[in-house]
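The values are calculated or read from the model by the stated rules, or taken from the named source; none is laboratory data. Here the structure is a predicted model, which is why all the values come from computation and not from measurement. Positions of Cβ are backbone-derived with ideal geometry, glycine not excepted, and every protein chain shown enters the neighbour counts. All accessible areas refer to the heavy atoms of the entire protein, side chains included, with ligands and DNA or RNA removed. Shrake-Rupley method; radii C 1.70, N 1.55, O 1.52, S 1.80 Å.
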Amino acid sequence: MQGWLAKRGPVMGWEWEKRWCKLEGSSLQYFADETEEVKKGDIELRPETRAVRFSSQSAVGDGVKHQKERPFGFTLDPLGPGGGKDRRLFYFDASLQTVLEQWLQAIAGASESAVATAYKPEDVARLNQLLSTQQKAGECETALGDALHEYRAMAQKLVDDFLSRVASPQAEAFIEQVCVEQILDGCLFVGHTKTDLDSVAGAIGGAKLWNGQAAIADRELNGEIKHALTFAGLDTPPFFDDVPGAALPTAEGAMLRICLVDHNEEKQMTEALRKDPERSQRIVGIIDHHCLSMSCHSEKPLFMDIRPWGSMSTIVAHNFIRSNRLLEKPIARILLAAILSDTLNLQSVTTTKADRMMVTLLAILGEVPNPDELAADMFRAKSQWIVNLGAYEMTRGDQKDFSCNNWKIGIAVLEVTDTRPVLEVANELLLELRILKVEKGKCSKTGKHDRRKELDFSYLFVVDVNALRSVLLICGGRELALARQAFPEGQLQAAQPGIEAPGATIAAAETLMDVGKLVSRKAEFVPAFFQALSSGFTCHKKPMAELSEADAADSDSDNDEVYKAMDAVTASSYHNSVNVVRDYSRLSVAFNHQALQKVQERAQKQEKEEVNSCIARILRKSIINSQSGKERVQKQEKEEANSCVARVLRKSIVNAESRKDGKDGKDKKDKKGKKEKKDKKEKKNKDKKEKKDKEDSSSSSSSSSSSGSSSGSEDDDDKAEKKKKEKKDKKD
């Protein structure tokens, strides 16, 4: 739309001048004349821009002063009531009612369309690209720096839009304020024990947003938290127990309603709240970015805002924007610092698009030109503060317990800019990890010791937030076995030169593992351990939770030198107003003695095994020799028996053959003798016959008598011969 309008100067008393006005897109431009050669100015229209009639009861600025003289005039308010010190009003006169209506309608349409034109699809795509950028080795300073530089203009539009909505809440914000904010109105917001920056910032932000109070769960805060509070210009919130109505009733006997921030586990609650029998009635809200614990339950419905983002402060900041509530500079700064802390300057694997976007917006709202510098300063403050405290605080400052398949794991995390000062006291850290395992078995109520509550594993990860790498301190044999399975690519080494092994089941060269580019307990360390424990993990001991009741009640402190030394360390400890002072000398001696005993026992066992092995070899050899001798005798006897049988058989065969040959010879001889005898007889008979024939021829007279006599004699000879032959056959 375009046309002539009269325009007044910025202050009352200025003359009205005719200007050629042209509405194009979301910009109203005005020129000296319709040639548009001399541009006098332009006005950027926004979603919050308003054009208000001079005649309206809600006329703004000097509009009410021009109602009579210019009834068809209007005031153009580009930034709306929330414009603050940058707010500027423009005054126009349309001269005619119809022209006024046309301009009001055109300006309203352009303002509404500004919502779409401010965030085009290509803008969203570019934003996604910027927010998804991750820092890589060898690239520019940080991905956050690039995103802030390239996204500054778009982010500024988002901030301007947000600020305008603060003054004129949209419908969704109105519903949020009326229907949601009342639930948490006036609550006491408190974070978890072992307090970190996210839990403090979340409590402060929540209290500001929902008109409540902020409290901290520990009296002592780390250096990072103190640095962030100073940077934001905020006072430290009071300790939970010191707030009237928190641990004890107010003067009127009332107890405050509670909203938990950055946690939902019972064991992470501040002690006074954890022991309160009316706790489930008092807790009305939870704002968190961790998974729900098994101990989280309530007797009535709760307000719960739990999202899978990298920081709980991101959720709080988003609620400010969703409710169109003003994010003041100190609140924006403390929330920004908390997000940078929990996401390791947006480089942790837990970082999401929501965290990146919110950091960019909060950096503008908090007027923080270099968030990288803020993150580095906080990490240095935290490192120096924790390292200066000593081994006791370093192992307990950010320590959490987890359970998987009856195994209990304690995981402490130190985020530092330089790991060297930490590893210089590695020997004391390892001893503290061993003490911590046993300490968990002591009941805070009764003082009795239950070994089933002791930790099976106790670890300390030292995270280098500059290099984005971590090393793992390993204090015992069980820890070593699990670490090897959870991080198979990890490199083992001595935690420091000349360090002594903290026990008999681990060597000095196995006390530190470089796990590489892993930095998150929630997203990387815990899942790795759980995966190993869920894959049939076993070691030389069973889970403490599976001990019998009798074994669980026996702490072995009366019989074990190490337990006695641990008790002595605890008993002699004291606080010097800065840190806990401990004497580890007796415990070191106890571990060395235990290790020496184990070495001696192993040596004795080895010697015994060698002796037993030698005896076993001798016995086996004797048995083998005995068996071999017996087998040789049996073989020899068998061979001799077989030989004897063979000889007997051969002899029998020979005898049989000899008998056969003798019989055949005799038969042949007898046959020959019979033949010779027969031939002889035949010859004799022939001779007799010849003789007879001769006698017959000589004498015929004596023929009959001679013939009878010869016949009788011949018969007698035959009988005698036959009898002799029978006698001989019988003899044979």
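Quick notes on this structure:
- Residue within segment 358-376 that is open to solvent by 10 Å² or more (accessible area, probe 1.4 Å), of a type outside the set (Asp, Glu) and touching a Lys or Arg at 6+ places or on another chain (Cβ under 6 Å) present: no
- Selected residue (criterion: farthest from residue 403 (Cα to Cα)) from residues of segment 529-556 that are of a type in the set (A, V, I, L, M) and open to solvent by less than 20 Å² (accessible area, probe 1.4 Å): 552
- Failed item, numbered, when residue 326 is tested on (1) part of a helix (DSSP H, G or I); (2) surrounded by fewer than 22 Cβ atoms within 10 Å (Cβ to Cβ): (1)
- Search result, residues across segment 181-194 that are surrounded by 23 or more Cβ atoms within 10 Å (Cβ to Cβ) and either on the phi > 0 side of the Ramachandran plot or in contact with a helix residue (DSSP H, G or I) (Cβ under 7 Å, 6 or more places away or on another chain) (or both): 189, 190, 191, 192
- Every residue from segment 492-527 that is closer than 18 Å to residue 478 by Cα, in a loop (DSSP other than H, G, I, E, B) and hydrophobic (A, V, I, L, M, F, W, C): 494, 495, 501, 504, 506, 507
- Count of residues meeting criterion [assigned to a loop (DSSP other than H, G, I, E, B) and open to solvent by 60 Å² or more (accessible area, probe 1.4 Å)] in segment 265-288: 3
- Check on residue 530, in a loop (DSSP other than H, G, I, E, B) and farther than 24 Å from residue 494 by Cβ: no
- Residues in segment 393-407 that are within 20 Å of residue 470 (Cα to Cα) and either outside any helix (DSSP H, G or I) or open to solvent by 20 Å² or more (accessible area, probe 1.4 Å) (or both): 393, 396, 397, 398, 399, 400, 401, 402.
- Residue match in segment 652-674 (condition: more than 60 Å from the chain's Cα centre (by Cα) and either modelled with pLDDT of 75 or more or of a type in the set (Val, Ile, Thr) (or both)): yes
- Residue, nearest to residue 161 (Cα to Cα), within segment 5-26, restricted to residues that are open to solvent by less than 50 Å² (accessible area, probe 1.4 Å) and under 60 Å from the mean Cα position of the chain (by Cα): 26
- Residue check: residue 560 meets all listed conditions (1) open to solvent by less than 60 Å² (accessible area, probe 1.4 Å); (2) charged (D, E, K, R); (3) closer than 30 Å to residue 415 by Cα but one, namely (3).
Matching residues to (1) of a type in the set (Val, Ile, Thr); (2) without any contact (Cβ under 8 Å) to a residue 24 or more places away in the chain; (3) not in a helix (DSSP H, G or I):
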| site | (1), (2), (3) |
| --- | --- |
| 336 | no, no, no |
| 346 | no, no, yes |
| 375 | no, no, no |
| 386 | yes, no, no |
| 409 | yes, no, yes |
| 415 | no, no, yes |
| 436 | no, no, no |
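Yes or no, residue by residue, for (1) over 21 Å from residue 160 (Cα atoms); (2) open to solvent by 40 Å² or more (accessible area, probe 1.4 Å); (3) modelled with pLDDT under 90; (4) not β-branched (Val, Ile, Thr):
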position	(1), (2), (3), (4)
3	yes, no, no, yes
28	no, no, no, yes
92	yes, no, no, yes
96	yes, yes, no, yes
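- Considering segment 289-307, the residues that are in contact (Cβ under 8 Å) with a residue 24 or more places away in the chain and either in a loop (DSSP other than H, G, I, E, B) or touching a Gly at 6+ places or on another chain (Cβ under 9 Å) (or both) include one that is surrounded by the most Cβ atoms within 10 Å (Cβ to Cβ), namely 289.
- Failed item, numbered, when residue 467 is tested on (1) in a loop (DSSP other than H, G, I, E, B); (2) buried (at least 17 other Cβ atoms within 10 Å of the Cβ): (2)
- Flag for residue 472 being under 21 Å from residue 535 (Cβ atoms) and surrounded by fewer than 22 Cβ atoms within 10 Å (Cβ to Cβ): no
- Cβ-Cβ under 6 Å pairs, at least 6 apart or on other chains, segment 589-614 side closer than 27 Å to residue 475 by Cβ and open to solvent by less than 80 Å² (accessible area, probe 1.4 Å), far side of a type in the set (Val, Ile, Thr) and in a helix (DSSP H, G or I): 590/562; 594/562
- Taking the criterion of being more than 18 Å from residue 266 (Cα to Cα), touching a residue at least 12 places away in the same chain (Cβ under 8 Å) and open to solvent by 20 Å² or more (accessible area, probe 1.4 Å), the residues of segment 215-230 that qualify are 219, 226, 227.
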